[in-house]
1. From LEU162, LEU170, LEU103, LEU158, grab the single residue that is within 22 Å of the chain's Cα centre (by Cα), closer than 30 Å to SER60 by Cβ and at pLDDT 80 or above.
2. Pick from region 94-148 the residues that are assigned to a loop (DSSP other than H, G, I, E, B) and of a type in the set (D, E, K, R): which of them is least open to solvent (accessible area, probe 1.4 Å)?
3. Scan region 20-36 and give yes if some residue there is surrounded by 13 or more Cβ atoms within 10 Å (Cβ to Cβ) and modelled with pLDDT under 85, otherwise no.
4. If you scan region 148-163, which residues turn out to be farther than 20 Å from VAL175 by Cβ and either in contact with a helix residue (DSSP H, G or I) (Cβ under 9 Å, 6 or more places away or on another chain) or charged (D, E, K, R) (or both)?
5. Residue by residue through region 5-51, note down the ones that are of a type in the set (Gly, Ala, Ser), outside any loop (DSSP other than H, G, I, E, B) and out of contact with any helix residue (DSSP H, G or I) (no Cβ under 8 Å at 6 or more places or on another chain).
6. Which residues, counting only those in region 68-93, are open to solvent by 70 Å² or more (accessible area, probe 1.4 Å) and under 11 Å from the mean Cα position of the chain (by Cα)?
7. Which ones in region 173-194 are assigned to a helix (DSSP H, G or I) and at pLDDT below 70?
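The values are calculated or read from the model by the stated rules, or taken from the named source; none is laboratory data. The structure presented is a predicted model; accordingly, all values stated were derived computationally and were not measured. Cβ: placed from backbone, ideal geometry, glycine included. Neighbour counts: every protein chain shown. What goes into the accessible areas is simple: the full protein's heavy atoms, side chains included, and nothing from ligands, DNA or RNA. Shrake-Rupley method; radii C 1.70, N 1.55, O 1.52, S 1.80 Å.
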Amino acid sequence: MDAVELRLLPPPQVIPPELTPEQRAVARLRSGMHVVLGGPGTGKTVTLAAAAADWVADGSGLDRLIVLAHSRAAAQTLRRDITRRLSTAQTGANVSTVHGFALGLMRRYLPHEDADWRLLRAPEQEARIRELLAAIPVEAWPEPLRPALKTRAFVRQLLAVLARALQLSLDAKGVLELDEQASEASVAAATRCT
């Protein structure tokens, strides 16, 4: 049997993409709040990573920046991209989702006596919706919806409706007002879950 030689190779050097003049102008903005709009693949994330690295290069600590991404995976990618652009080792990159950032603020400024605040993952959210549905009499739902009450698709759709209502800052009363405008009995039934 021949001997096998194993070697550790250095990781490949990743060169961040060059910015366009427009992206560079956005990355160099320093005062105020700015909104950068663009479709998928237009370079918003690359520009944001470059902006964060430029702030650090200009003397700010990475721990003084807050960078928000739309998903956990995007936050991880953004954190990696920012770190790759830095010439020195840095710790404390505050890159998270909006939900993660809000959770951090709640943990810091609104400590909960019984248990620590946490974000529910999708399966936990669905389980909570199922618990709420189980507490509502079937008769409270419009007849056409009753066969769907125990299906996963219905739970997911109801979760989406409730999440959208929260985004719009609607409480049960606000959802009922929308229901009256649309004359949609299924919306009124959904308010029992709020």
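1. Working: LEU162 fails: closer than 30 Å to SER60 by Cβ; LEU170 fails: closer than 30 Å to SER60 by Cβ; LEU158 fails: closer than 30 Å to SER60 by Cβ.
The match here is LEU103.
2. First pass over region 94-148, keeping only residues assigned to a loop (DSSP other than H, G, I, E, B): 110-121, 135-137, 141-142.
Those still in the list that are of a type in the set (D, E, K, R) too: 113-114, 116, 118, 121.
Values: GLU113: 159, ASP114: 138, ASP116: 104, ARG118: 137, ARG121: 131 Å².
Out of the qualifying residues, it is ASP116.
3. yes
4. LYS150, ARG152
5. Residue satisfying the conditions is ALA25 alone.
6. LEU68, HIS70, ARG72
7. Here is the first cut: in region 173-194, the residues assigned to a helix (DSSP H, G or I) are 173-182, 185-193.
ALA182, ALA185, SER186, VAL187, ALA188, ALA189, ALA190, THR191, ARG192, CYS193 - these are the residues of region 173-194 that are assigned to a helix (DSSP H, G or I) and at pLDDT below 70.
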